[in-house]
Amino acid sequence: MSEGLPKISIIMPVLNREATIEKAIQSVIQQNYPKLEFIILDGASTDGTVSIIKQYERHLAYWHSQPDGSPVRAVNLGIQKATGDLVVLFMSDDWYEPDILARIGKAYQLHPEADMFTCGGQIVRFDAQSGLYVPTVVYDSRKRMALNLQNICLDVTSAICCRFIRRTLYEKIGDYWCLAPDGKYMLSNDKEFLIRAVLYGAKDVYVDYVGHHYLASPLSSTFGKHQKNILRLCVEHRQLIDVYLQKETLSVRQRYFFHYWYLDQSVRLFLFELLAGQFKAAVIEALKGVKRYGPVWPAIFPVIVLKIIGKKCWRASHRLYACSRLLCPVEIK
């Protein structure tokens with residue numbers, strides 16, 4: 001029975017992903033969800049991506065292949081075209097577990113007041129030797145996926161593709177920023193949007209099901225370990241913090257958190273530059289931190305370093321555990 005179920009709009013930006021897009025599309029179609037609007041926005045792919053999209057054209061509410069400037073601009077266009085009650089971003093490297101849309105639909109019926117519905121998910125890598133997808137990070141708890149500043153800013157679980165968002169929330173707080181405050185192309189659009197949602201007071205409902213898989217490939221700007229992007233993210237985050245700190249509506253706790261996040265990003269930027277052999281830039285960064293926060297910067301430095309080491313150790317042990325849970329066997333062509 002589809003009565004009372006929400007219409008779900010799935011928006012997929014894509015560029016040159018012929019190796020992964022068919023798996024992604026099939027995982028949507030095989031949901032057999034009765035109220036589905038599937039939108040694909042191709043940025044003028046030059047490989048076989050468009051020919052694969054055409055094979056599934058009858059399942060799509062809208063698609064095009066044309067230059068769009070960036071995936072974020074494509075996503076914002078998709079949001080404008082979406083007519084669903086819920087809107088979710090879906091990358092062409094991703095895939096869904098069966099029944100996730102039905103579970104989200106049921107949660108919507110039980111919580112009609114919610115602004116967002118969040119499922120669990122995992123980041124996986126493809127192991128060519130075994131022919132399997134291996135989970136590297138699993139975010140499968142209500143606590144870890146909670147919509148709060150701690151999770152969004154200090155963990156990898158902003159996980160925008162796990163979040164089915166009311167279209168009306170976009171209408172209330174706006175879409176994704178294409179440009180950072182300094183006018184450069186923005187990398188952390190999803191993080192910024194979710195921070196805005198927290199500050200707005202959006203209500204999130206957690207659906208206890210690992211329904212989404214994100215493939216971490218070397219091409220990924222987030223998980224590809226590109227040094228330039230890592231440094232850029234730290235700079236970008238601090239720019240965002242300065243924007244938020246100007247808001248008079250922040251609570252004392254929120255204001256304190258943003259100052260801590262600034263210190264965290266400043267220390268990380270110092271360490272990244274030091275490890276990259278950019279000693280002059282590292283010294284300049286440390287002096288900036290001390291100038292802004294005085295003795296607080298050197299005092300909190302070892303605390304943040306210990307937290308970074310602790311988190312890396314935890315992730316390493318988690319990765320070893322995840323490797324013992326090889327998932328999703330695939331055929332190697």
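Points worth noting:
- A count restricted to the range 247-267 and to residues that are in a helix (DSSP H, G or I) and out of contact with any Gly (no Cβ under 8 Å at 6 or more places or on another chain) stands at 13.
- Residue count for the range 75-113 satisfying the condition of being under 19 Å from ALA202 (Cβ atoms), part of a loop (DSSP other than H, G, I, E, B) and either of a type in the set (A, V, I, L, M) or not assigned by TED's automatic domain parsing to the domain that holds VAL207 (or both): 1.
- Of the helices (runs of 4 or more DSSP H) that lie entirely inside the range 133-246, those containing 1 or more residues that are assigned by TED's automatic domain parsing to the domain that holds LEU271 and either hydrophobic (A, V, I, L, M, F, W, C) or modelled with pLDDT under 95 (or both) span 227-245.
- Selection over the range 16-46 of residues that are among the hydrophobic types (A, V, I, L, M, F, W, C) and over 17 Å from GLU57 (Cα atoms) gives a count of 1.
- Some residue of the range 56-65 being in a helix (DSSP H, G or I), assigned by TED's automatic domain parsing to the domain that holds GLY211 and touching a residue at least 40 places away in the same chain (Cβ under 8 Å): no
- Residue list for the range 96-108, filter: buried (at least 22 other Cβ atoms within 10 Å of the Cβ) and within 24 Å of VAL124 (Cβ to Cβ): TYR96, ILE100, LEU101, ILE104
- Candidate set: the range 33-55, residues that are among the hydrophobic types (A, V, I, L, M, F, W, C) and in a strand (DSSP E or B); chosen: the one surrounded by the most Cβ atoms within 10 Å (Cβ to Cβ): ILE40
- Each residue in the range 67-80 was checked for being of a type outside the set (A, V, I, L, M) and farther than 12 Å from TYR170 by Cβ, and 6 pass.
The values are calculated or read from the model by the stated rules, or taken from the named source; none is laboratory data. No experiment lies behind these values; they were computed from the predicted model shown. Quick reminder, even Gly has a Cβ in these numbers, built from the backbone with ideal geometry, and neighbours come from all protein chains shown.
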